[in-house]
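Presented below is the structure to which this report refers.
The values are calculated or read from the model by the stated rules, or taken from the named source; none is laboratory data. What you see is a predicted model, and the numbers here were worked out from it, not measured in a lab. Note that we place each Cβ from the backbone using ideal geometry, even for glycine, and neighbour counts take in every protein chain shown.
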Amino acid sequence: MATLLLVLAIPAPLFADTVNATTTNSEDLIKDTQLTSESSPKRQNLKATKSDTDIVSSADLGNQAWLINEVKRQIPAKTIDATLTFGDLKTITTISLNNNPNLTGSIPPGIQYFPNLTLLFLYNDSLSGEIPPELGSLSKLERLSIRDNKLTGQIPKELGNLTSLRSELNVANNQLTGSIPSEIGNLTAFNGAMAFYGNPLTGAIPDSFKQLTKTNNFQFQNTRMTGVIPIELVQSPVITNFNVSYTQLVSPVQTPPKGNFTQTVSSNQLEVAVKPTIYNATKQTTFQPFNASSPMHSEFKLINKQAQGAEVALYDTHTVQIVDNATNQIVYDGPISSSVTLDLNDTSNLFTFLSRWR
């Protein structure tokens, strides 16, 4: 009896951050560990109401060594707790500290005191704690990447206020939980890549995401997200990469555009339903797996287990690769078509099917 396996998979290249890490060897900088008091104070409700002439203290920067050191590097003529003012912080427009496993601590609420930031890259470090809602006050921020850290908690809805974001919003490979806030759909001018992959996020893709008509790259793979993908996203003409591999997100029945939709079927999401057939039981010499009029066909179809066992259409963008188990050779690689015909004999009677969207 044939064993049929279905895998839908297209490698989706992860976009690469393009700003290099900033390093420093200055001996007078604080060691890269978080400065803490004996008891952790309750989080303050910090609003950026400081006067430009007020002096910046270490506490205003959350006592975070990485941020204190970066301010010292960029404004060496001023001293925190003495001569550095909040007006001075407005001269800092980029922070890029990346690929440093020794960069620990958290992103403090005091990040709001850098109102002219256009780029914040803190990727592939060892930051922990929650993403502060105050991050959403950086109205000039155009690129944000805090991927590959140890951040926890939920994605704050305030990120939906970052309406200057354009090319990058990357919170991938952390430990973020909960659902993606619908407010992210407010970023209607965003035209780059949004990456949420590698987090135990739950819930559906917000319906508000259908407003993101300029966004060309969505990455939801390797999450615990569920539900039906908004059809507006699947049919978007600007999307070049849409990855929902290893999720429980289900595509709508409508045919997705070619070349941009990626989904890997997992056992708890979809299954293959086939007609049990011993292919050479009647000494047939050929096998037409997709020809319903043939006595030797597989009744090949997808079943969505997240929708009460409803059948999911095989799209015209599917291709199939068929492997002869006896020889471990590919005997067909192309579109799903009723004309596909395989030779049968005493040994070649068991095949593996791998299907994917082109």
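Look at (1) more than 24 Å from ASN149 (Cα to Cα); (2) part of a loop (DSSP other than H, G, I, E, B) and you find that GLY227 fails only one, number (2). Taking the stretch 156-172 as the range and being closer than 18 Å to ASN241 by Cα and either basic (Lys, Arg) or without any contact (Cβ under 8 Å) to a residue 40 or more places away in the chain (or both) as the test, the residues that pass are ARG166, SER167, LEU169. In the stretch 109-142, the residue that is surrounded by the fewest Cβ atoms within 10 Å (Cβ to Cβ) out of those that are aliphatic (A, V, I, L, M) and more than 20 Å from LEU176 (Cβ to Cβ) is LEU119.
Each row is one residue, and each column tells you yes or no for (1) in the same structural domain as PRO133 (by TED's automatic domain parsing); (2) without any contact (Cβ under 8 Å) to a residue 12 or more places away in the chain.
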residue: THR53; (1), (2): no, no
residue: LEU67; (1), (2): yes, no
residue: ARG73; (1), (2): yes, no
residue: PRO76; (1), (2): yes, yes
residue: ALA82; (1), (2): yes, no
residue: THR85; (1), (2): yes, no
residue: THR93; (1), (2): yes, no
residue: ASN99; (1), (2): yes, no
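Quickly run through the stretch 143-190 and pick out the residues that are buried (at least 22 other Cβ atoms within 10 Å of the Cβ) and small (Gly, Ala, Ser). SER145, ALA172 - these are the residues of the stretch 143-190 that are buried (at least 22 other Cβ atoms within 10 Å of the Cβ) and small (Gly, Ala, Ser). Here THR240 does not qualify as farther than 30 Å from ILE111 by Cα, touching a residue at least 60 places away in the same chain (Cβ under 8 Å), surrounded by fewer than 18 Cβ atoms within 10 Å (Cβ to Cβ) and hydroxyl-bearing (Ser, Thr, Tyr).
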